[in-house]
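One structure is given below, encoded as structure tokens.
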Amino acid sequence: MIERDVIGIFGKMNSGKSSLMNLLTQQETSIVDSAPGTTADSKIAMIELHGLGPVKLIDTAGFDEQSALGDKKRNKIHAALKECDLVLLVIDPSKTALDAELRLVNQAYETDKQIVLVFNLFDDGDKTQIEEIKLKVGQLGHFPAIVLRAIDPQARNLLLPFLIQNYIPRNLAVDLLPFVEREEFYILNIPMDEETPVERYLRPQAMAEACITRKWAYPVSYRMDLEKARGGDRFEKVRWDVFLASFKKKPKAIITDSQAIDIISVWAPDDILVTTFSIMMINYTSLARLEGFVKGIEALKTVRPGDEVLIAEACNHSRIKEDIGTVQIPKLIEKLYPGVAVKHAFGREMFDNFDFSRVKLVVHCGGCMISNQRMAARLRDLDRLGIPITNYGIFLALMQGEEVLHRVVAPWVNQNERIR
Ligand SMILES: Nc1nc2c(ncn2[C@@H]2O[C@H](COP(=O)(O)OP(=O)(O)OP(=O)(O)O)[C@@H](O)[C@H]2O)c(=O)[nH]1
Ligand code: SF4
Ligand SMILES: [Mg+2]
């Protein structure tokens, strides 16, 4: 069966949803009429869209329908919303009451849907309303928007490139460890502290192990005693040296817990690649946008007293003692950037309602518990606010010096081909 991306077309009655459907299918798929409430049931079309592949389009009834049939129609709209990957929200800019649109946007956002706005221009004079709408309804200003005339067949030439540029397809996948080669050895350095679950690896560790094995290469786990290593315990270093010497074939790379980068960057021989789980994970969840996170750390050069650095974790895991986000990174910031305040945001909804006005940098965890879509939405929001974002692994590597940062990023250079 073909995995289709599902695109739902939503909006008020008579906003031009069915016209948009027909524009995409290039056929009279849906009935278009000036009578409000023409589309009573969801209308479905299976088509191939150039650049997007096979898609299922769902044209829905107007969500402002008040008739006796309204409830049944609304259930259908909800079903379509649940099913779709991309919400095309059609807005007639002459109608400036947008409460219903906002409700839909909130529902769509909570369920990780991607959203784009289609301002359907019935009258050229309505153009001026669009910026007003975006300003008035700030939330709408966050989404990519296109202005077109749904009944103009030429509008398709605008709409398709716009969708390709702004939509991340469901089947887009990124190679978790693109530099892994068949029949090579890879060390996973897993110190295991109080936060480590007893019977399993953390998600990034388990994913790395599975990925390396799937590629017919060999993952080898090593438990480093970080306390002893940092305390200069001679035997801990000897244990590491003996471990490394036991390989007949030199391991190709070490993927370490970012917390151990201070030790690994010194103990790992120069001819073995080094990176961290956190960097691997953020590259994966951001769909190969590691470069942006590496660039983001440059903001540290310009932070001043009174500025804020936001530490963001995408889940609410239990935090014990020397937790990286609540203890280790804040300590480093306090020490190296006096007067810069550290803020925290945890959980999936973390960016909602957060006051970003003084935030100069976001330092994000690996993000293993959120979807690519949600991460993309987060990056887009920050981009619009002009706030750079970096990641735990990058931050901790830089704390060991520019050359260490260089080293942990090196395995990814020119490797980040997106795979569809
Ligand atoms: N001038 C102009 N008219 C349009 C445009 N888009 C749609 N219309 C007209 O607006 C009316 C409603 O269009 P539809 O596409 O049926 O709207 P809808 O949102 O599907 O409406 P319902 O199914 O009733 O909810 C029709 O008469 C269309 O011809 C446009 O871009 N410009
Ligand atoms: S989402 Fe972030 S904080 Fe939570 S387990 Fe994954 S990497 Fe750690
Ligand atoms: Mg319709």
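I'd like to check something: does region 48-62 contain any residue that is in contact with a Gly (Cβ under 6 Å, 6 or more places away or on another chain), of a type in the set (A, V, I, L, M), assigned by TED's automatic domain parsing to the domain that holds Ile31 and within 16 Å of ligand 3 (Cβ to nearest atom)?
Scanning region 48-62, I find at least one residue that is in contact with a Gly (Cβ under 6 Å, 6 or more places away or on another chain), of a type in the set (A, V, I, L, M), assigned by TED's automatic domain parsing to the domain that holds Ile31 and within 16 Å of ligand 3 (Cβ to nearest atom), so the answer is yes.
Just need a number here: residues in region 51-74 that are modelled with pLDDT of 90 or more and either away from ligand 1 (no atom under 11 Å from the Cβ) or within 30 Å of the chain's Cα centre (by Cα) (or both).
8
For Arg214, indicate whether it is over 18 Å from Ile264 (Cβ atoms), more than 16 Å from ligand 2 (Cβ to nearest atom), out of contact with any Lys or Arg (no Cβ under 9 Å at 6 or more places or on another chain) and not polar (S, T, N, Q).
yes
Counting only residues that are more than 25 Å from Glu403 (Cα to Cα) and of a type in the set (Lys, Arg), how many does region 224-263 have?
The number of residues fulfilling the criteria is 4.
What about Leu188, is it part of a loop (DSSP other than H, G, I, E, B) and buried (at least 19 other Cβ atoms within 10 Å of the Cβ)?
no
How many of the residues in region 20-76 are surrounded by 13 or more Cβ atoms within 10 Å (Cβ to Cβ) and of a type in the set (Asp, Glu)?
So the answer is 3.
Looking at (1) at positive phi; (2) assigned to a helix (DSSP H, G or I), which one does Asp112 not meet, given that it meets all the others?
(2) is the only condition that Asp112 fails.
Tell me which residues, restricted to region 31-45, are part of a loop (DSSP other than H, G, I, E, B) and under 34 Å from the mean Cα position of the chain (by Cα).
Residues satisfying the conditions are Asp41, Ser42.
Which of the residues belonging to region 362-420 are touching a residue at least 40 places away in the same chain (Cβ under 8 Å), under 21 Å from Ile115 (Cβ atoms) and among the acidic types (Asp, Glu)?
Answer for region 362-420, where residues must be touching a residue at least 40 places away in the same chain (Cβ under 8 Å), under 21 Å from Ile115 (Cβ atoms) and among the acidic types (Asp, Glu): just Asp381.
If you go through region 256-289, how many residues are out of contact with any strand residue (DSSP E or B) (no Cβ under 8 Å at 6 or more places or on another chain) and touching a residue at least 40 places away in the same chain (Cβ under 8 Å)?
Of the residues in region 256-289, 10 are out of contact with any strand residue (DSSP E or B) (no Cβ under 8 Å at 6 or more places or on another chain) and touching a residue at least 40 places away in the same chain (Cβ under 8 Å).
Answer yes or no as to whether Gly11 is of a type in the set (Gly, Ala, Ser), in contact with a helix residue (DSSP H, G or I) (Cβ under 8 Å, 6 or more places away or on another chain), modelled with pLDDT of 90 or more and under 21 Å from Leu104 (Cα atoms).
Answer is yes for this residue.
What are the pairs, 6+ residues apart or on separate chains, where a residue within region 315-344 that is over 23 Å from Gln400 (Cβ atoms) has its Cβ under 6 Å from a residue that is away from ligand 3 (no atom under 16 Å from the Cβ) and not in a loop (DSSP other than H, G, I, E, B)?
Close Cβ pairs satisfying both conditions: Asn316/Phe346; Arg319/Thr326; Ala341/Glu308; Lys343/Glu308; Lys343/Leu310; His344/Ile311.
Which one of Leu336, Leu396 is modelled with pLDDT of 90 or more and either in contact with an Asp or Glu (Cβ under 9 Å, 6 or more places away or on another chain) or charged (D, E, K, R) (or both)?
Criteria check complete, one pass: Leu396.
Kindly indicate whether Thr29 is without any contact (Cβ under 8 Å) to a residue 40 or more places away in the chain and more than 27 Å from Leu98 (Cα to Cα).
yes
State the number of residues belonging to region 65-85 that are part of a helix (DSSP H, G or I), free of Cβ contacts under 8 Å to residues at least 12 places away in the same chain and among the small types (Gly, Ala, Ser).
1
The values are calculated or read from the model by the stated rules, or taken from the named source; none is laboratory data. Computed from a predicted structure; not experimentally measured. Cβ: placed from backbone, ideal geometry, glycine included. Neighbour counts: every protein chain shown.
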